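**Q** Encoded as structure tokens, here's the structure I'll be asking about.
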Amino acid sequence: MKAHTWKPSAMKALVLGLGFAAGIHQAGAATTLNVFTAGDDNMVAYVNDFLAPRFEAMHPDVTVRALGTGTGDAGSQAIYETLSAQRNQQNWGIDVAVVHQRMAGQMVEEGLLRRYTDDLDTAALATGENTRNALGVNVEGYVMPMFQSQIALAYNPALLAEPPQSYAELAKWVEEHPKAFGYNGITGGMAGVGFVFGWMYAFTDMADTLQNGPWDDEAPARWNDALEGLRAFNDNVTLTPGNAGTMDAMNRGEISMGPVWMDMYYTWKADGRLNPDFRLLLPEPGMPGQPMYYTIPERAEHAELAAAFISLATSPEVQAAGIVGEFNWFPGIDAEHVRGELSDAQWETLYADVDPETLATRGFSMPQTDYFRAILEAYEAQVSR
Amino acid sequence: MFPAMTAVVLLYALPLVRSLASAFHGDDGLTVAHVVRAFTLYGRDVAFSIGVSLGALVLIAIASIAIAGYLTLGATRWAVRVLRWLYRWPLFIPFVVAGQLSRSFLSTNGMMNTVLIETGLLSAQSAQSFLDWRGLILTFAWKQIPFVTLLLAGAMAAVEPSHSEAARNLGAGRLRALFHIVLPQAAPTLWVGLILSLVAMLSVLSVPMMLIAGNPTMMTSMMAHRITYYGDYGVANALGLFSYALTAVTAWVYLRLTLARETQR
């Protein structure tokens with residue numbers, strides 16, 4: 001993705017304000033480690049309530065401060081804006097940045113992130129493709145996955161005993177059951193965007209190229225059939241306002257199936273905000289997911305402490321007790337290293353609906369950055385108009 | 001004078017100029033590509049934004065005239081007192097909360113339909129979701145009616161009471177006194193309230209994000225979409241141009257009304 005030289009001043013003022021707000025905290029402690037995190041409020045709560053006490057016990061002169069920058073890619077965008085606005089300063093106001101995959105690639109390309117995992121003791125525990133490749137950008141050495149986020153289809157067994165198991169079956173099923181499937185299009189959050197990407201993986205012959213590149217100028221011309229199919233599909237579905245809107249509509253019984261982020265789904269279930277009878281499935285050929293990454297900005301003031309913080313956060317004990325134990329999210333490091341720290345019941349709960357083999361074969365990455373943009377634009381031009 | 005000017009220039013004029021420049025600046029210098037792209041992809045959303053705003057304004061005008069009129073001319077004292085206490089509540093509720101309220105109230109199986117079905121006024125089969133342009137108009141109106149009513153009721157209270165009393169003595173009903181005596185004198189304030197409401201509605205992001213699924217939707221949603229998913233400030237600012245154009249027209253009307261009032265004094 002290209003860098004944009006023109007940016008609204010209001011946005012810069014906002015992000016500088018965020019940096020300033022973090023800077024204020026530094027006055028009260030010997031050392032303050034500023035952790036900026038994209039994502040929901042629970043990400044901030046996780047850093048403040050779970051990671052910070054453990055890290056501060058190991059480093060008594062350090063105070064960990066977490067600041068949330070907002071949900072979805074917009075949260076990562078805000079972190080990017082913050083760092084970009086401080087580009088010419090000696091020290092940047094962020095020590096650890098937790099960002100989505102797409103923005104991590106862009107920040108590596110623009111030299112905003114520090115290479116740090118070469119000396120990290122937990123780096124060897126995360127060997128997945130996403131530790132090296134972020135939507136076509138080589139990020140090896142710059143990122144450690146915090147957790148793996150996966151999009152899947154949630155369904156209500158009370159309304160739907162035998163759910164369609166593939167995109168092809170789903171496309172037929174909605175014709176017989178109009179409006180029973182709901183998703184949030186591409187303007188209401190990444191669950192809907194991911195569903196569209198999964199559709200393109202299923203109905204074009206380019207699944208591998210879309211994920212790994214290389215970019216081909218002629219490629220969008222080959223998507224007509226898939227997009228026309230999606231347009232017809234949309235006639236028979238309920239469009240929901242946002243990721244939460246899909247789950248709200250399921251709760252109210254207005255739709256019986258829809259795409260969700262598995263981590264959000266589990267969080268809602270644990271909070272009692274979602275019907276406990278709902279189930280998940282990962283349809284063929286698969287759906288995309290993405291990790292959240294721990295990164296260290298190139299000019300972080302406390303880079304060594306930041307690495308120590310990430311080392312703690314990606315240790316098997318913390319990944320098991322925090323990421324899986326607290327949230328039922330998929331661990332960022334390889335599952336085999338976390339298995340020994342979990343009870344059988346925890347393991348089974350985590351993989352109750354989608355087992356590790358299914359996750360490995362049907363869990364795709366998001367499209368490479370150029371295709372990411374091109375698919376969304378093609379959708380806007382051909383499907384939603 | 002100087003600090004005030006500096007603040008206005010730095011906080012308002014400069015961002016506006018940069019935003020306008022961004023709308024016409026591409027990789028190869030000056031371009032209208034962003035504007036063309038914005039209009040091609042989001043022309044329907046621009047029209048939708050105008051339609052929803054106008055619809056909401058009509059509703060706001062009707063409701064605020066009714067409430068302010070009753071507050072000014074109502075004869076039942078306790079009813080006036082209760083209404084005066086009740087109508088201001090939405091003023092203190094943020095747009096985002098109003099959006100969430102509407103979402104659970106207006107959906108297919110939401111509170112509104114549930115109550116209608118339970119009371120036998122609606123069959124379950126014919127229940128439909130209002131989470132579309134109708135929900136948007138209702139939410140905007142619900143949120144802005146108290147604001148306009150507050151202004152309008154103040155203006156109506158300032159109208160010399162002897163005017164409406166004279167009309168009533170000559171046999172005019174309350175409605176006639178409202179529309180022929182009180183409202184014409186308070187009309188400039190009503191216009192100001194509606195114009196400020198239009199600007200507020202055009203700038204709200206949370207409500208369309210929470211209520212509207214897919215397209216068309218309000219321009220603010222599409223601006224956020226361009227920035228969030230594409231990092232594309234060019235098209236986002238080109239969409240902003242349409243907002244500026246709409247608000248510029250209303251600002252011109254606002255200034256004319258204000259000047260007209262000053263001249264009358």
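**Q** Please count how many residues of segment A:191-218 are within 22 Å of B:Asn215 (Cβ to Cβ), more than 14 Å from every other protein chain (Cβ to nearest Cβ) and hydrophobic (A, V, I, L, M, F, W, C).
**A** Step one: of segment A:191-218, the residues within 22 Å of B:Asn215 (Cβ to Cβ) are A:191-200, A:203.
Filter again for more than 14 Å from every other protein chain (Cβ to nearest Cβ), leaving A:198-200, A:203.
If we keep only those that are hydrophobic (A, V, I, L, M, F, W, C) as well, we get A:199-200, A:203.
Selection size over segment A:191-218: 3.
Per-residue answers, yes or no, for (1) surrounded by fewer than 17 Cβ atoms within 10 Å (Cβ to Cβ); (2) modelled with pLDDT under 90; (3) at positive phi:
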position	(1), (2), (3)
B:His180	yes, no, no
B:Ala187	yes, no, no
B:Leu194	no, no, no
B:Met201	no, no, no
B:Thr247	yes, yes, no
B:Ala251	yes, yes, no
B:Tyr254	no, yes, no
B:Glu262	yes, yes, no
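**Q** Here's another thing I want to ask about it. Let me spell it out: the conditions are (1) within 10 Å of chain A (Cβ to nearest Cβ); (2) more than 18 Å from B:Ala33 (Cα to Cα), and B:Tyr230 meets all of them except one. Which number is the exception?
**A** Answer for B:Tyr230: the failing condition is (2).
**Q** Another question about this same structure. Could you tell me whether A:Phe203 is of a type outside the set (Asp, Glu), touching a helix residue (DSSP H, G or I) at 6+ places or on another chain (Cβ under 6 Å) and farther than 22 Å from A:Gly136 by Cβ?
**A** Values: of a type outside the set (Asp, Glu): yes; touching a helix residue (DSSP H, G or I) at 6+ places or on another chain (Cβ under 6 Å): yes; farther than 22 Å from A:Gly136 by Cβ: no.
Taking the combined requirement at face value, the residue does not satisfy it.
**Q** Scan segment B:131-160 for residues that are over 23 Å from B:Leu54 (Cβ atoms) and assigned to a loop (DSSP other than H, G, I, E, B) and report the count. Give the steps one after another, and end with the answer.
**A** Just the residues of segment B:131-160 that are over 23 Å from B:Leu54 (Cβ atoms), to begin with: B:153-154, B:156-160.
With assigned to a loop (DSSP other than H, G, I, E, B) added as a condition, the list becomes B:159-160.
Within segment B:131-160, residues that are over 23 Å from B:Leu54 (Cβ atoms) and assigned to a loop (DSSP other than H, G, I, E, B) number 2.
**Q** Sticking with this structure for a sec: So A:Gly188 ticks every box in (1) within 14 Å of chain B (Cβ to nearest Cβ); (2) surrounded by 22 or more Cβ atoms within 10 Å (Cβ to Cβ); (3) touching a residue at least 60 places away in the same chain (Cβ under 8 Å) but one. Which box is left unticked?
**A** Going through (1) within 14 Å of chain B (Cβ to nearest Cβ); (2) surrounded by 22 or more Cβ atoms within 10 Å (Cβ to Cβ); (3) touching a residue at least 60 places away in the same chain (Cβ under 8 Å) one by one, A:Gly188 breaks only (3).
**Q** Answer yes or no as to whether A:Ala226 is more than 23 Å from the chain's Cα centre (by Cα), more than 19 Å from A:Ser166 (Cα to Cα) and aliphatic (A, V, I, L, M). Show your work before the answer.
**A** Details: more than 23 Å from the chain's Cα centre (by Cα): yes; more than 19 Å from A:Ser166 (Cα to Cα): no; aliphatic (A, V, I, L, M): yes.
So A:Ala226 fails the test.
**Q** Does segment A:160-174 contain any residue that is crowded, with 21+ Cβ neighbours inside 10 Å, among the hydroxyl-bearing types (Ser, Thr, Tyr), part of a loop (DSSP other than H, G, I, E, B) and out of contact with any Cys (no Cβ under 6 Å at 6 or more places or on another chain)?
**A** No.
**Q** Considering (1) more than 26 Å from the chain's Cα centre (by Cα); (2) modelled with pLDDT of 90 or more; (3) more than 11 Å from chain A (Cβ to nearest Cβ), say which one B:Ile67 fails and leave the rest.
**A** In the conditions (1) more than 26 Å from the chain's Cα centre (by Cα); (2) modelled with pLDDT of 90 or more; (3) more than 11 Å from chain A (Cβ to nearest Cβ), B:Ile67 misses (1) alone.
**Q** Follow-up. Being farther than 30 Å from A:Gly322 by Cβ and of a type in the set (Asp, Glu) is the filter here, so list the residues in segment A:219-278 that pass it.
**A** Pass one, segment A:219-278, residues farther than 30 Å from A:Gly322 by Cβ: A:219-241, A:249, A:252-257.
Passing the criteria: A:Asp225, A:Glu228, A:Asp235, A:Glu254.
**Q** Quick one: what pairs do we get from segment A:219-246, first residue touching a residue at least 60 places away in the same chain (Cβ under 8 Å), second charged (D, E, K, R) and exposed (fewer than 14 other Cβ atoms within 10 Å of the Cβ), C-beta under 8 Å, 6+ apart or different chains?
**A** What qualifies is A:Asn236/A:Glu175.
**Q** If we scan segment A:253-271, do we find a residue that is out of contact with any Phe, Trp or Tyr (no Cβ under 6 Å at 6 or more places or on another chain), free of Cβ contacts under 8 Å to residues at least 60 places away in the same chain and within 14 Å of chain B (Cβ to nearest Cβ)?
**A** no
**Q** Exactly one of these conditions fails for A:Arg115: (1) touching a Ser or Thr at 6+ places or on another chain (Cβ under 9 Å); (2) under 21 Å from A:Thr314 (Cα atoms). Give me its number.
**A** Only one criterion is unmet by A:Arg115, namely (1).
**Q** How about segment B:54-82: which of its residues are buried (at least 21 other Cβ atoms within 10 Å of the Cβ) and not aliphatic (A, V, I, L, M)?
**A** B:Ser64, B:Gly69, B:Thr72
**Q** For segment A:80-132, how many residues meet the condition of being without any contact (Cβ under 8 Å) to a residue 40 or more places away in the chain, over 16 Å from A:Ala303 (Cβ atoms) and in a loop (DSSP other than H, G, I, E, B)?
**A** 3
**Q** Further question on the same structure: Among the residues of segment A:243-277, write down those that are out of contact with any Gly (no Cβ under 9 Å at 6 or more places or on another chain), in a helix (DSSP H, G or I) and either modelled with pLDDT of 95 or more or not hydrophobic (A, V, I, L, M, F, W, C) (or both).
**A** Listed by number, the residues that qualify are A:Asn251, A:Asp263, A:Tyr265, A:Tyr266, A:Thr267, A:Lys269.
**Q** Consider A:Gly128 against the criteria (1) among the small types (Gly, Ala, Ser); (2) crowded, with 20+ Cβ neighbours inside 10 Å; (3) outside the structural domain of A:Pro285 (by TED's automatic domain parsing): it satisfies all of them except one. Which criterion is unmet?
**A** (2)
**Q** List, please: which pairs have Cβ atoms under 6 Å, are six or more places apart or on different chains, and start with a residue in segment B:4-21 that is within 9 Å of chain A (Cβ to nearest Cβ) and end with one that is modelled with pLDDT of 90 or more?
**A** Sorted first by the residue in segment B:4-21, then by its partner, the pairs are B:Ser19/B:Asn237; B:Ser19/B:Gly240.
**Q** So which residues in segment A:211-228 are in a helix (DSSP H, G or I) and surrounded by fewer than 17 Cβ atoms within 10 Å (Cβ to Cβ)? Can you show your working first?
**A** As a first pass, look at segment A:211-228 and keep what is in a helix (DSSP H, G or I): A:211-212, A:219-228.
Of everything in segment A:211-228, those that are in a helix (DSSP H, G or I) and surrounded by fewer than 17 Cβ atoms within 10 Å (Cβ to Cβ) turn out to be A:Asn212, A:Pro220, A:Ala221, A:Arg222, A:Asn224, A:Asp225, A:Glu228.
**Q** Here's another thing I want to ask about it. Scan segment A:322-340 and give yes if some residue there is aliphatic (A, V, I, L, M), crowded, with 22+ Cβ neighbours inside 10 Å and within 14 Å of chain B (Cβ to nearest Cβ), otherwise no.
**A** no
**Q** Right, here's the next one. Determine whether B:Gln128 is in a loop (DSSP other than H, G, I, E, B), more than 18 Å from B:Thr189 (Cα to Cα) and polar (S, T, N, Q).
**A** Working: in a loop (DSSP other than H, G, I, E, B): yes; more than 18 Å from B:Thr189 (Cα to Cα): yes; polar (S, T, N, Q): yes.
Yes.
**Q** So, one more: Do the conditions hold for B:Val35, that is, is it touching a residue at least 12 places away in the same chain (Cβ under 8 Å), surrounded by 12 or more Cβ atoms within 10 Å (Cβ to Cβ) and more than 9 Å from every other protein chain (Cβ to nearest Cβ)? Steps first, please.
**A** On the way: touching a residue at least 12 places away in the same chain (Cβ under 8 Å): yes; surrounded by 12 or more Cβ atoms within 10 Å (Cβ to Cβ): yes; more than 9 Å from every other protein chain (Cβ to nearest Cβ): yes.
Spelling it out, B:Val35 is indeed touching a residue at least 12 places away in the same chain (Cβ under 8 Å), surrounded by 12 or more Cβ atoms within 10 Å (Cβ to Cβ) and more than 9 Å from every other protein chain (Cβ to nearest Cβ).
**Q** Here's a follow-up. Give the residue, chosen from B:Val96, B:Val115, that is modelled with pLDDT of 90 or more, exposed (fewer than 15 other Cβ atoms within 10 Å of the Cβ), within 14 Å of chain A (Cβ to nearest Cβ) and part of a helix (DSSP H, G or I).
**A** Checking each option against the conditions leaves just B:Val96.
**Q** Can I ask one more? Any residue that is without any contact (Cβ under 8 Å) to a residue 24 or more places away in the chain and either under 19 Å from the mean Cα position of the chain (by Cα) or within 11 Å of another protein chain (Cβ to nearest Cβ) (or both) - is there at least one of those in segment B:173-195?
**A** Scanning segment B:173-195, I find at least one residue that is without any contact (Cβ under 8 Å) to a residue 24 or more places away in the chain and either under 19 Å from the mean Cα position of the chain (by Cα) or within 11 Å of another protein chain (Cβ to nearest Cβ) (or both), so the answer is yes.
**Q** Being among the hydroxyl-bearing types (Ser, Thr, Tyr) and more than 27 Å from A:Asn184 (Cβ to Cβ) is true for just one of B:Ser123, B:Ser221. Which residue is that? Before you say what the answer is, go through the steps one by one.
**A** On the way: B:Ser221 fails: more than 27 Å from A:Asn184 (Cβ to Cβ).
Exactly one of B:Ser123, B:Ser221 is among the hydroxyl-bearing types (Ser, Thr, Tyr) and more than 27 Å from A:Asn184 (Cβ to Cβ), namely B:Ser123.
**Q** Let me ask something additional. Restricting segment A:334-385 to residues that are aromatic (Phe, Trp, Tyr) and at pLDDT 90 or above, which is nearest to A:Ile151 (Cα to Cα)? Even if it seems obvious, please write down each step before you answer.
**A** Initially, segment A:334-385 is screened for residues aromatic (Phe, Trp, Tyr), giving A:347, A:351, A:364, A:371-372, A:379.
Checking the rest, the ones that are also at pLDDT 90 or above come to A:364, A:371-372, A:379.
Numbers: A:Phe364: 9, A:Tyr371: 19, A:Phe372: 16, A:Tyr379: 19 Å.
Only one residue fits best here, namely A:Phe364.
The values are calculated or read from the model by the stated rules, or taken from the named source; none is laboratory data. Source: prediction; values computed, not measured. Reconstructed Cβ throughout: ideal geometry from the backbone, glycine too, with neighbour counts over all protein chains shown.
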